[in-house]
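To start, the structure itself, in structure tokens.
The values are calculated or read from the model by the stated rules, or taken from the named source; none is laboratory data. Computed from a predicted model, the values in this text were never measured in an experiment. Positions of Cβ are backbone-derived with ideal geometry, glycine not excepted, and every protein chain shown enters the neighbour counts.
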Amino acid sequence: MWNIRVRPTADTAKMLALVAAHFNDDQLWFTRDGCRVPSKGTLKMAGFEDGDVIDVFCGQVGGKPVIYLYAPSELTASVTLSLVPQWSFSAIYPVVPIKCIKNEELEWKVRVKPNGELTEMNTGLDVAYLFWEAQ
């Protein structure tokens, strides 16, 4: 995270361009007092005053948190994912029950085909990967 002091007449897009010289524009977002700053219009229009501080965050650099499985021949696999106690799942697919003892944990039971296709055993759902997000 960085802090940037802004002038109220500065155009948000220009400020984005300066910071984004080292990053992709879609990897950055700005907050002020914990609230996201709009990326359109001027900072003055958003209510900023000279000397206000905007926090700049760099987003996730990689892709979505997906799990791909490949096998030389068809097999059945169990994939267990366990989070640290401070985190909780915000999305999973295919949907399976989440266990919570000290931390959240889930288990996918899948049939893996040589071409990478997966079949989730409880639902019979065919998918290309297992997906999860946590916060």
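Side notes on the structure shown:
- Candidates 102, 113, 109 - the one that is of a type outside the set (S, T, N, Q) and surrounded by fewer than 12 Cβ atoms within 10 Å (Cβ to Cβ): 102
- When segment 108-135 is filtered for residues that are assigned to a loop (DSSP other than H, G, I, E, B) and either touching a Gly at 6+ places or on another chain (Cβ under 6 Å) or in contact (Cβ under 8 Å) with a residue 12 or more places away in the chain (or both), the ones remaining, listed by number, are 113, 114, 116, 121, 122, 123, 125, 128, 129, 135.
- Residues of segment 88-107 satisfying the condition of being in a strand (DSSP E or B) and either over 17 Å from residue 69 (Cα atoms) or in contact (Cβ under 8 Å) with a residue 40 or more places away in the chain (or both): 89, 90, 91, 92, 98, 99, 100, 104, 105
- The set of residues in segment 70-81 that are modelled with pLDDT of 90 or more and surrounded by 12 or more Cβ atoms within 10 Å (Cβ to Cβ) comprises 74, 75, 77, 79, 81.
- Residue 131 surrounded by 12 or more Cβ atoms within 10 Å (Cβ to Cβ) and in contact with a Phe, Trp or Tyr (Cβ under 6 Å, 6 or more places away or on another chain): yes
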